[in-house]
Structures are given as C-alpha cells and as structure tokens.
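Let me begin by presenting the structure, written as structure tokens, before commenting on it.
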Amino acid sequence: MAQQWEVESASGRCSVTGRPLKEGEEFYTVLIEDGESFRRADYSLEAWSGPPEEAFCHFKTRVPVKEQRKKLLVDNELLIHFFQRLADETDPLRVQFRFVLALILMRKRLLRYDGSSVVDGVEIWKMLLASDRSEYPVVNPRLTDDQIEGVSGQLSAVLHGDMGPWSEVVDATADPADGSQEKEERDADGSA
C-alpha cells in the first residue's frame with residue numbers, strides 16, 4: 001500500500017531562537033519522520049549546528065522574496081518532464097540535481113515518496129507520480145551542505161528561466177507530437 005507523506009509548510013521562524021526569518025534570508029530545514037508525516041524544523045544560520053541525529057534529510061534554502069515568487073517561468077509539467085528526462089543519468093551532478101528536483105516535486109504534491117531500499121550500498125527512493133501513479137526510482141546522493149547549496153542555486157536559476165547547461169535536457173523533454181506549431185515556426189525562421 002502506497003503512503004502519502006505530509007510535510008508541514010515553513011513556519012517562518014527559527015525553531016531554536018524563535019526569531020522570524022526575513023525575506024531573502026538563508027536558513028536550514030530539517031525533516032524528521034513522524035509516523036505518517038514529516039515534522040519540519042527551520043533553523044536560522046546562526047542557530048544551525050548540523051542536523052539532529054533523527055533527521056530524515058536536511059537542506060539549505062532561502063525565504064522567498066514576495067515579488068520574486070511571481071517570476072517562475074517553468075511550469076509543473078516541464079518540471080515533471082525534466083525529472084523524467086534525468087532518470088537514466090549517472091553523472092553525479094545530474095543525480096544530485098534530480099534528487100533535489102524530486103524534493104521540489106514532493107513539496108508541490110506532484111510526486112509521492114513510497115519507501116526506499118538499498119541496492120549495492122546506494123539508497124534508492126521509490127517515488128510515485130501523483131497524476132498516474134507511475135513509479136520512478138530516485139537515488140539519494142546523501143548531499144553535503146555545500147552540494148545542497150550548489151544544486152539549490154542551479155534549480156533556482158532553472159525555475160526562473162535561466163536553463164544554462166540544462167537547456168539540452170529541457171529541450172529534449174519537448175514532445176514532437178505535442179502540436180507545438182509555434183516552436184516549429186520559431187525554429188524554421190531562426191528566431192527565439
């Protein structure tokens with residue numbers, strides 16, 4: 001039986017000091033498995049001394065700036081195609097990127113965690129796509145804080161339309177049968 005994990009939203013306060021976190025401020029989030037859900041704790045940088053022993057995972061993020069929230073240029077469908085396209089990648093940076101992308105899709109309730117297993121010493125999460133319940137294995141690369149910060153920066157750029165080195169992966173997600181005549185016309189006349 002598949003489990004749907006619930007994750008609390010950010011509290012907006014440091015769980016140690018109680019201080020409100022400001023727009024644009026970096027902070028750490030820790031998820032702790034708690035029965036049928038995850039308990040979340042947010043830590044300001046000054047209160048962070050590493051994840052507690054019972055942490056399921058942790059990551060560094062930033063309090064969104066309200067005006068920046070509106071600037072996301074990548075829709076959910078493209079994120080899902082991007083996630084699927086990275087499935088067979090073995091390059092460590094792309095494996096890390098896909099893992100953080102899976103966390104974002106979980107947060108958006110587009111992907112669900114359905115257990116994990118260890119294969120040849122590597123933890124593999126079984127993820128289900130919410131729309132059709134198709135199953136996707138996701139490698140947990142056990143990211144360090146520095147790796148999380150790097151991947152988060154890349155993901156932020158992608159979400160705001162700056163594909164950079166990921167453009168070939170995103171371009172490959174386009175379905176030639178999707179009837180996108182506008183894209184074909186742009187390609188034909190060389191305009192962007």
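Results, tabulated for the structure shown:
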read-out: Residues of the range 120-144 satisfying the condition of being part of a strand (DSSP E or B) and either surrounded by fewer than 10 Cβ atoms within 10 Å (Cβ to Cβ) or of a type in the set (Ser, Thr, Tyr) (or both); value: TYR136
read-out: Residue count, the range 40-57 (criterion: crowded, with 16+ Cβ neighbours inside 10 Å and either modelled with pLDDT under 85 or hydroxyl-bearing (Ser, Thr, Tyr) (or both)); value: 3
read-out: Residue pairs meeting the criteria (Cβ under 9 Å; at least 6 apart or on separate chains; first acidic (Asp, Glu) and part of a strand (DSSP E or B), in the range 34-54; second modelled with pLDDT under 85 and surrounded by 11 or more Cβ atoms within 10 Å (Cβ to Cβ)); value: ASP42/ALA10; ASP42/SER11
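The values are calculated or read from the model by the stated rules, or taken from the named source; none is laboratory data. Fair warning: this is a prediction, and the values are worked out from it, not measured in the lab. We place every Cβ from the backbone using ideal geometry, glycine too, and count neighbours over all the protein chains shown.
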